[in-house]
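The values are calculated or read from the model by the stated rules, or taken from the named source; none is laboratory data. Here the structure is a predicted model, which means the values were calculated and not measured. Cβ coordinates were reconstructed from backbone atoms using ideal geometry, including for glycine residues, and neighbour counts include every protein chain displayed. Please note that ligands, DNA and RNA were not included when accessible areas were found on the heavy atoms of the full protein model with its side chains. Shrake-Rupley method; radii C 1.70, N 1.55, O 1.52, S 1.80 Å.
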Amino acid sequence: MFMNERQKMLSGQPFDPSDPELVADRIANERWLARLNATLGWPPDARRDLLIERFDHVGAGVDVAPPFTCTYGYNIEVGAGVTIQSGVLMQDACRIEIGERTQIGPGVIIASLTAGPLTASGQRLHLGHPIAIGRDVWIGAGARILAGSVVPDGTEIAPGSIVSPG
């Protein structure tokens, strides 16, 4: 069965990020991010409609503080009561799931993207692995959550920590 690059990306297979469909997705996301990040000073509920436009799922009472950055947006699922502080970056080449009541500190990076294999022509493909963050997790400022990581419910991640699968 033929899979396009978006399907490969979402299924965790090596994919070509220069694919026109993925480039168009990133451009649309950048336009959306400009709108979202222009809401600095707005109450969290006023941003909810914008989050619903792009994220796969947005639970009740979610607060995403600008500036926020993500690659595609449509691979992000956020449970109810989640707080994402300013300066958070999510590289969502693969699914990122965040459980209810999780608190994400400023400057956190959640990266589901890794380097994939080289093609015969020497082009580097990209590869994504999903990230699952449980409920009631606290992620300190500047922490890094890497591709393929699973963070259990109730975990506390110290500021500056690096979480990797394993």
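Numbers below:
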{"quantity": "Subset tally (residues that are part of a strand (DSSP E or B), surrounded by 18 or more Cβ atoms within 10 Å (Cβ to Cβ) and among the β-branched types (Val, Ile, Thr)) for region 55-73", "calculated": "2"}
{"quantity": "Pair list, Cβ < 7 Å and 6+ apart or interchain, from region 63-88 residues that are among the aromatic types (Phe, Trp, Tyr) to residues that are in a strand (DSSP E or B) and open to solvent by less than 40 Å² (accessible area, probe 1.4 Å)", "calculated": "PHE68/ILE84; PHE68/VAL88"}
{"quantity": "Scope region 89-126; condition surrounded by fewer than 16 Cβ atoms within 10 Å (Cβ to Cβ) and of a type in the set (D, E, K, R); matching residues", "calculated": "ARG124"}
{"quantity": "Unique match (being at negative phi, in contact with a Pro (Cβ under 9 Å, 6 or more places away or on another chain) and in a loop (DSSP other than H, G, I, E, B)) among LEU125, LEU40, LEU33", "calculated": "LEU40"}
{"quantity": "Residue that is in contact with a helix residue (DSSP H, G or I) (Cβ under 9 Å, 6 or more places away or on another chain), among the basic types (Lys, Arg), touching a residue at least 12 places away in the same chain (Cβ under 8 Å) and over 19 Å from ALA132 (Cβ atoms), where the choices are ARG54, ARG26, ARG48", "calculated": "ARG54"}
{"quantity": "Index of the failed condition, SER86 passing every other in (1) closer than 16 Å to VAL150 by Cα; (2) open to solvent by 10 Å² or more (accessible area, probe 1.4 Å)", "calculated": "(1)"}
{"quantity": "Residue that is nearest to LEU113 (Cα to Cα) [pool: residues in region 1-51 that are open to solvent by 70 Å² or more (accessible area, probe 1.4 Å) and aromatic (Phe, Trp, Tyr)]", "calculated": "PHE2"}
{"quantity": "Residue check, GLY154 without any contact (Cβ under 8 Å) to a residue 60 or more places away in the chain, part of a loop (DSSP other than H, G, I, E, B), more than 25 Å from GLY61 (Cβ to Cβ) and over 14 Å from the mean Cα position of the chain (by Cα)", "calculated": "no"}
{"quantity": "Flag if ILE76 is buried (at least 19 other Cβ atoms within 10 Å of the Cβ) and either modelled with pLDDT of 95 or more or within 21 Å of ALA24 (Cα to Cα) (or both)", "calculated": "yes"}
{"quantity": "LEU36 vs. criteria touching a residue at least 40 places away in the same chain (Cβ under 8 Å) and hydrophobic (A, V, I, L, M, F, W, C)", "calculated": "no"}
{"quantity": "Residues of region 127-146 satisfying the condition of being surrounded by fewer than 22 Cβ atoms within 10 Å (Cβ to Cβ) and over 13 Å from the mean Cα position of the chain (by Cα)", "calculated": "LEU127, GLY134, ARG135, ASP136, TRP138, GLY140, ALA141, GLY142, ALA143"}
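Yes or no, residue by residue, for (1) within 16 Å of the chain's Cα centre (by Cα); (2) of a type in the set (Gly, Ala, Ser); (3) within 30 Å of PHE2 (Cβ to Cβ):
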position	(1), (2), (3)
LEU33	yes, no, no
ARG47	no, no, no
ASP63	yes, no, no
PRO66	yes, no, no
CYS94	yes, no, yes
GLY99	yes, yes, no
